[in-house]
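Peer 1: Pasting a structure below so you can have a look.
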Amino acid sequence: MFKTIYDDIQSVLARDPAARNILEALLCYPGLHAIWIHRLAHKLWKSGFKLVARGLSQLARGMTGIEIHPGARIGANLFIDHGMGVVIGETAEVGDNVTLYHGVTLGGTSSQKVKRHPTLENNVVVGAGAKVLGAIVIGEGSRIGANAVVVKSAPPNSVIVGIPGQVLIRSQSHKQIDLEHNLLPDTIGDTVEALVIHVSELERKLHSHFEGTPLRKPDHGVWHGEDFAI
């Protein structure tokens, strides 16, 4: 137990430069308190003391602003930074060395008593405000951008941004925690830029083809063959 507590504190010191020492991490990080209470609640849940387990999770919610259902499975060295507004559902599974920022939801998309919450594999980083919904799997070493809404599974070493989440697979394998979740692509902006370039090229070709010749309007909605290079 003491080793687990020590490892949890070390994960804070390793991933948050604002944490100055062990005592500060021990006393001032609600993410740690929520995780420790959850571990006890989870044991009670598995032992059949479900009402007591739910009561503990509600206590943690009131103390920390972090809601973790006692049925959720949490791996080693989870780090919840700031923590306010984090919600982890009953059938969620979180691997080792995962990092969650404030406002993250690991939510369900079904009213059936089945696996309905996401699975985050090892070393996943989820940015502030992101929503990961449904019984999907986010592969090891992936990063999810702030405020992304993720509703589809992603392979390992993915970068997921936008609404709905757009998945990009990184060329290099990332087995360690990658906290650079501010360095994310603008997939929508890149797509719009490509479309603008393509339209500009088409306009250039059109003007070149009809240079010196006025483009005739269609006759009752029908274009004539000589109006185009077809």
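Peer 1: Which residues, taken from segment 140-165, are buried (at least 20 other Cβ atoms within 10 Å of the Cβ) and out of contact with any Lys or Arg (no Cβ under 8 Å at 6 or more places or on another chain)?
Peer 2: Matches in segment 140-165: Ser142, Arg143, Ile144, Gly145, Ala154, Val161.
Peer 1: Then there is this: Restricted to segment 40-76, and to residues that are touching a Pro at 6+ places or on another chain (Cβ under 8 Å) and charged (D, E, K, R), which residue is surrounded by the fewest Cβ atoms within 10 Å (Cβ to Cβ)?
Peer 2: Lys50
Peer 1: Would you confirm, using the coordinates I've provided, whether Leu133 is in the same structural domain as Tyr101 (by TED's automatic domain parsing), on the phi < 0 side of the Ramachandran plot and at pLDDT below 90?
Peer 2: no
Peer 1: Also, quick follow-up: Here are the criteria: (1) surrounded by fewer than 22 Cβ atoms within 10 Å (Cβ to Cβ); (2) in contact (Cβ under 8 Å) with a residue 40 or more places away in the chain; (3) touching a helix residue (DSSP H, G or I) at 6+ places or on another chain (Cβ under 8 Å); (4) not polar (S, T, N, Q). Tell me which single one Phe79 does not satisfy.
Peer 2: (1)
Peer 1: Then there's this: Take Ala19 and decide whether it is surrounded by 15 or more Cβ atoms within 10 Å (Cβ to Cβ) and modelled with pLDDT of 95 or more.
Peer 2: no
Peer 1: Right, here's the next one. Mind counting the residues in segment 143-158 that are in contact with a Ser or Thr (Cβ under 9 Å, 6 or more places away or on another chain) and touching a residue at least 24 places away in the same chain (Cβ under 8 Å)?
Peer 2: Within segment 143-158, residues that are in contact with a Ser or Thr (Cβ under 9 Å, 6 or more places away or on another chain) and touching a residue at least 24 places away in the same chain (Cβ under 8 Å) number 4.
Peer 1: Further, regarding this structure: All but one of (1) more than 17 Å from His117 (Cβ to Cβ); (2) in contact with a Leu (Cβ under 6 Å, 6 or more places away or on another chain) hold for Thr4, so report the exception by its number.
Peer 2: Looking at each condition in turn, Thr4 falls short on (2).
The values are calculated or read from the model by the stated rules, or taken from the named source; none is laboratory data. Because the structure is a prediction, the values reported are computed rather than measured. Using ideal geometry, Cβ is built from the backbone for each residue, glycine included, and neighbour counts are taken over all protein chains shown.
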